[in-house]
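In what follows, a structure is listed as structure tokens, so that the remarks can point back to it.
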Amino acid sequence: MCAWVPRPGKTIFIPSGPDGEHLFVIIIGPKTLSIYGTAEQFIAVPICSAIPRMQHECPLDAGSHPFIRHASYADFQHARLLNNTELTTHIASGQWHTGEDVGADILHRITQSILTSRRVPRYLKRDFLGD
């Protein structure tokens, strides 16, 4: 049984590539959508290293979270819809692990930015964000 409960502001580390893991922030949820079954759904957004000379919709400064050590951004293009069962199962199994929550100011900034982003996958905008 997993004691961790997914909620906005919680962070998870998901493996990416052979040696690394990626920080994701749960920003919206829980929401039950009949088209996805009865499980509660959440939107999680990856935090990526900023690319110099490129404009990012939601930049994050080094130190805005203990894992963010240099300029980064919320990558809305790769936002994921994750359900409660998927989240708790992966965390309980040790495949994914949790991190320190983001602060309310960072969560608010990311949540507001996704609402106006043009990079959010269409299915998330249509099914979850109401566009």
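None of the figures in this text is laboratory data; all of them are computed from the coordinates on show. Worth saying up front: this structure is predicted, and the values here are computed from it rather than measured. Cβ atoms come from the backbone with ideal geometry, glycine included; neighbour counts cover every protein chain shown.
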*Proximal charge balance of Thr32 [Cβ under 14 Å; K/R count +1, D/E count -1]*: -1
_Per residue, the convex hull volume that the Cα atoms of the chain enclose (Å³)_ = 114
*Would you work out if region 87-131 is rounded, prolate or oblate? Take a ≥ b ≥ c from the square roots of the eigenvalues of the alpha-carbon gyration tensor; rounded if a/c is under 1.5, else prolate when a/b is larger than b/c, oblate otherwise.*
oblate
*So how far apart, in nm, are the two label points at Thr89 and Phe13 if each is 7 Å from Cα heading toward Cβ?*
2.3
_Extension reserve of the Gln112-Glu100 stretch, reckoned as 0.36 nm per residue once the Cα distance is removed_ = 2.2 nm
*asked:* Explain nothing, just the number: dipole magnitude of region 11-125 about its Cα centre with +1 on each Lys and Arg Cβ and -1 on each Asp and Glu Cβ, in debye rounded to the nearest 20.
replied: 520
*What FRET efficiency, computed as 1/(1 + (r/R0)^6) with R0 = 30 Å and r the Cβ-Cβ distance, is obtained for His22 and Gln55, rounded to the nearest 0.05?*
0.90
*Rank by packing, highest mean first: peptides 9-20, 56-67, with packing defined as the count of other Cβ atoms within 10 Å averaged across residues.*
56-67, 9-20
_Using Stokes-Einstein with the Kirkwood hydrodynamic radius over Cα pairs, what translational diffusion coefficient do you get for region 1-64 at 20 °C and a viscosity of 1.002 mPa s, in µm²/s rounded to a whole number?_
152
*asked:* Could you tell me the calculated FRET efficiency between Leu129 and Arg69, based on Cβ-Cβ distance and R0 = 22 angstrom, to the nearest 0.05?
replied: 0.15
